[in-house]
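Quick notes on the structure that follows.
The values are calculated or read from the model by the stated rules, or taken from the named source; none is laboratory data. Bear in mind that the values here come from a model prediction, so they are computed numbers and not experimental data. Note that each Cβ is placed from the backbone with ideal geometry, even for glycine, and that neighbours are counted across all protein chains shown. The accessibility values were calculated without ligands, DNA or RNA, using every heavy atom of the protein model including side chains. Shrake-Rupley method; radii C 1.70, N 1.55, O 1.52, S 1.80 Å.
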Amino acid sequence: MASSREQSLQTDIIHAGENAKREYGSIVTPIFQSSIFVNRNDGDYDGIRYIRLNNTPTHLALHEKLVRLEQGEAALAVASGMAAITSVMLGCLRSGDHVLVQESLYGGTHAFVKEDLGDYGIAFDFINIDDPGQWREVLRPNTRMIYTEAVSNPIMRVIDHRAVVAFARQYGLVSVIDATLASPVNFRPLHLGYDLVVHSATKYLNGHSDVMAGAIVGSAEHIRHIRHKVNHLGCSLNPLDCFLLHRGMRTLAVRIREQNANALRLAEYLSRHAGVRRVNYPGLSDNRYHALASSLFDGFGGVLSMDVDSERYDAGRIVAAVNLYADAVSLGSIESLITRPAFTSHSGMSVEDRRRAGIDDDLIRISVGLELADDLIVDLDQAFAAGER
Ligand code: PLP
């Protein structure tokens, strides 16, 4: 799957936004741990440099890397993935507007849409991932945005992103995608025609489980609106975390390629295991989304999930028995993680919403790290043995 674009992206990841001026000979972009900067503008508010305004030199360096990776025009670095998502929605939508959101959303986004958007006078409808024909039925004259995820978490379903972009253009909607699970190494949604891409940079972009951050990339015009909202909400990322995220991103291409390969090995192993009823991973050739994902992505990512055959195995005991995987929420880091979403990341959803999203109690999600795949398989093997009823 290596393409020339991927090679140049790999180079951009190393060099974009780095210290081209080599201040004091420094190769690495320094942290400008200063909240204030000497005023050098002529009364233009946008010229003021201030830590909350997302425009210290450390922010700007990170923006440059994000813009190059996502092939956008402008970027913002914010305090979390949820800060990115809420700032984009509140920045682009007004009271009286309506938004179409993909079903099976990340739990936090789902909760924000269902529980908070109404407080701002913004209505929503869910769109069916598998049926673009249904989208027209829920469109309203006041619909302004369509919001999707690159790959749904934790069932790993893939919406037809080309159809989303075409639909958005036909009806004049702002198209927004959360591409956290894919990362820019596997998928560049702006290139496909999306208006805005958001990431929980807490996950793959940083990749080391030591930073909470969010990223927003898109056209200069969209980012200008959203920047105002970010400034007012006060959710800019601090320079130290900008620096750490910038550093983490330098290894993104090699990490993602290794995680793609590890996840595929695990998915193949699990799909042959007698204790697994179904493996959810679009990289498997018999997965219902395989053809679509192959046409959109350069790799299938490092997250997969499986439904355990609960008559023969106890999912809770399997999770308790692993040694190499941490039982923790989140994903996208160098260490492998394992979780039962019904009891962790998606426990805030109602039972009906969870059932509709296909998240059973026996579902186990794995975020594959950078350990040797053989070691990860041996560990899962012994965990299954421990979980046998
Ligand atoms: N989007 C997706 C797909 C996620 O998985 C998460 C967190 O798990 C988020 C957004 C929220 O990110 P954060 O925890 O950085 O706010």
### Task
On each of the three principal axes of the Cα atoms of the chain, give max minus min coordinate, whole Å, ordered largest first.
73, 55, 36
### Query
Tell me, in nm to one decimal, what length is gained between residue 138 and residue 208 on full extension, where the rule is 0.36 nm per residue of separation less the Cα-Cα distance?
21.2 nm
### Task
Would you calculate the separation in nanometres between label points at residue 163 and residue 386, each defined as 7 Å from the Cα along the Cα-to-beta-carbon direction?
4.3
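Any idea what the relative contact order of the chain is, in percent, if you count C-alpha pairs under 8 Å spaced at least 6 apart?
Working: 774 pairs, mean separation 66.5, N = 389.
Rounded, it is 17 percent for the chain.
Beyond 22 Å, how much of the Cα-Cα pair distribution for the stretch 114-263 remains, as a whole percent?
Working: 5359 of 11175 pairs.
More than 22 Å apart: 48 percent of the Cα pairs in the stretch 114-263.
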### Task
Pick out which of 56, 344, 148 has the largest mean-square fluctuation in a Gaussian network model of the chain, springs linking Cα atoms closer than 10 Å.
344
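What are the DSSP H helices in the chain that stretch 24 Å or more along their long axis, judged by alpha-carbon atoms, and whose average Kyte-Doolittle hydropathy comes to at least -0.5? Before the final figure, lay out the partial values.
Details: long enough: 252-271 (28 Å, -0.10).
Helices passing the filter in the chain: 252-271.
Carbon and sulfur: what percent of the chain's accessible surface (1.4 Å probe)?
Answer for the chain is 51 percent, counting heavy atoms of protein chains only.
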### Summary
Quick calc: nm separation of the 7 Å Cα→Cβ label points for residue 372 and residue 232 -> 5.6
### Query
With r defined as the distance between the Cβ atoms of residue 277 and residue 240 and R0 fixed at 51 Å, what FRET efficiency is calculated, to the nearest 0.05?
0.65
### Task
Pop a pseudo-label 7 angstrom from the Cα along the beta-carbon direction at both residue 50 and residue 285 and give the gap in nm to one decimal.
6.0
### Query
For the chain: lysine pairs with Cα atoms under 25 Å, gap of 8 or more or different chains, count?
6
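For residue 323 and residue 224 in the same chain, what is the full-extension length gain: residue separation times 0.36 nm, less their Cα-Cα distance, in nm?
Numbers: separation 99, 0.36 × 99 = 35.64 nm, distance 4.68 nm.
Net length gain for the segment: 31.0 nm.
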### Query
Taking the chain as a Gaussian network, Cα atoms linked when under 10 Å apart, which of 15, 191, 346 shows the biggest mean-square fluctuation?
191
### Task
For an R0 of 25 angstrom, estimate the FRET efficiency from the Cβ-Cβ distance between residue 351 and residue 312 and round to the nearest 0.05.
0.55
